[in-house]
Amino acid sequence: MVLAAGEGRRLRPLTAHLPKALCPVGNVPLLDRALDRVSALGFDTPATVAVNACYLGDQVVRHVGGRAALSVEPGDPLGTSGGVANLRNWIDGRGVLVGNADAYLAAPGAPPGPDIAALLAGWDGTTVRLLGQPVDGPPRPGDFGRYRFAGFSLLPWARVRDLPVEPAELVRTVWRPAEAAGELEVVEFSGRYLDTGTPADYLAANLHAAGGGSLVDPTAEVTGELRAAVVGAGAVVRGTLHRCVVWPGGLVRADEHLTDAVRVGAGLTVPAPAVPASGR
């Protein structure tokens, strides 16, 4: 199951235009990155992969099409736990791999899918598993020992079966109870992980996807100067970009010089100042 229902409030005003799951990273919508990753693990039909939708859900539904089963949540999003519970009849006795659509992962030497295959390897169907990235320094409240959650978890049916269909988060309803019972395993992910939840992390994910240089869609028109930038389809860049993302159809005029920012359309510029590395 790929979680794509959230509003992405910390990314506003970007998410006033697109749900967070459809924001492009490296010119690929985050949701497509997640679906491609689980497809490479064999979850590639509506019988084996589902997506939930709520905020700007019509956009998510249209984007997914027939690639996955769809769970459209009425009203406000149900959260990660309620979203899983709402798909109980579809899960129907199976264990479930749950991934956040907004998780950006990249592992050197391993393509998407195989890069998280260790999460599934040898699983006996009884424990809760989390993908975790090792972190240095003192643990934060949300950490699991020396690991920080890295976007994917594996849940046994016994932990899903009785979840209530109400707004709640898996960390409270499943992960911490499993940890207290000695039934939580953390599988290490040694690559790069970002949750893309803030403009700074969203920009960092884009620049990482560009490999330290610039990534320009073939349909974009660029006559200005690029220094570490991602430029989307149909965008026009006549000015200067340094550590920037220009969304599809965006415009940067000749007299504009943007740094650490995301440009949407012809006039929306969202600052994305770099933050100190946090071990992610």
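The values are calculated or read from the model by the stated rules, or taken from the named source; none is laboratory data. Keep in mind that this is a model prediction, so the values were computed, not measured. As a convention, Cβ positions derive from the backbone with ideal geometry for all residues, glycine included, and neighbour counts pool all protein chains shown. All accessible areas refer to the heavy atoms of the entire protein, side chains included, with ligands and DNA or RNA removed. Shrake-Rupley method; radii C 1.70, N 1.55, O 1.52, S 1.80 Å.
Taking every alpha-carbon pair under 8 Å whose residues sit at least 6 apart, the chain reaches a relative contact order of 17 percent.
Annotation: the antiparallel percentage among DSSP beta bridges lying fully within the chain is about 40. With a Förster radius of 22 Å applied to the beta-carbon distance between THR126 and THR45, the computed FRET efficiency rounds to 0.25. The residues of the stretch 165-247 expose, per residue, 42 Å² of accessible area to a 1.4 Å probe. The amide H of PHE189, built 1.01 Å from its N in the peptide plane, has GLY132, GLN133 as neighbours under 5 Å, considering only residues 5 or more places off or on other chains. On C-alpha positions alone, give me the angle between the axis of helix 30-39 and the longest principal axis of the chain, in degrees, nearest 10. Helix 30-39 and the main axis of the chain meet at about 50 degrees. Coupling constants for the stretch 227-233 follow from the phi torsions by the Karplus curve (6.51 cos²θ - 1.76 cosθ + 1.60, θ = phi - 60°), and in residue order they are 9, 6, 8, 10, 10, x, 4 Hz; glycine and proline get x. Report, for the stretch 1-74, the % of DSSP beta bridges that are antiparallel, rounded to 5. Around 25 percent antiparallel, to the nearest 5.
Largest first, the extents of the alpha carbon coordinates of the chain on the three principal axes equal 60, 41, 30 Å. Once backbone amide H atoms are built at 1.01 Å from N, VAL25 has LEU30 as its partners under 5 Å, excluding neighbours fewer than 5 places away on the same chain. In the context of the full set of protein chains, the stretch 32-71 has a per residue accessible area of 41 Å² (1.4 Å probe). The C-alpha radius of gyration of the stretch 10-128, expressed as a fraction of 2.2 N^0.38 Å, stands at 1.08. Each DSSP beta bridge with both residues in the stretch 14-155 is either parallel or antiparallel, and the antiparallel ones are about 75%.
Counting only protein heavy atoms and a probe of 1.4 Å, the accessible surface of the stretch 1-135 is 54% carbon and sulfur.
What FRET efficiency would be calculated for the residue pair HIS257, ALA107, taking the C-beta separation as r and a Förster radius of 45 Å, to the nearest 0.05? E(calc), rounded to 0.05, equals 0.80.
The length gained by stretching the chain between SER190 and ARG146 to full extension, at 0.36 nm per residue less their Cα-Cα distance, is 14.6 nm. For the pair VAL72 and GLU225 in one chain, pulling the backbone fully straight at 0.36 nm per residue adds 50.8 nm over the alpha carbon distance. Can you compute the label reach from VAL165? Point 7 Å from Cα along the Cβ direction, backbone N cut-off under 17 Å, restricted to the stretch 84-103. Those under the cut-off are 84-93. The H on the amide N of THR240, modeled in the peptide plane, is under 5 Å from the matching H of GLU225, GLU256, HIS257, LEU258, each at least 5 residues off or on a different chain.
Modelled spin labels at ARG62 and ARG238, positioned 7 Å past Cα toward Cβ, are 3.0 nm from each other.
On a 0 to 90° scale, report how tilted helix 199-209 is relative to the longest principal axis of the chain, with both axes built from alpha carbons and the result rounded to the nearest 10. Once rounded, the angle reads 90 degrees.
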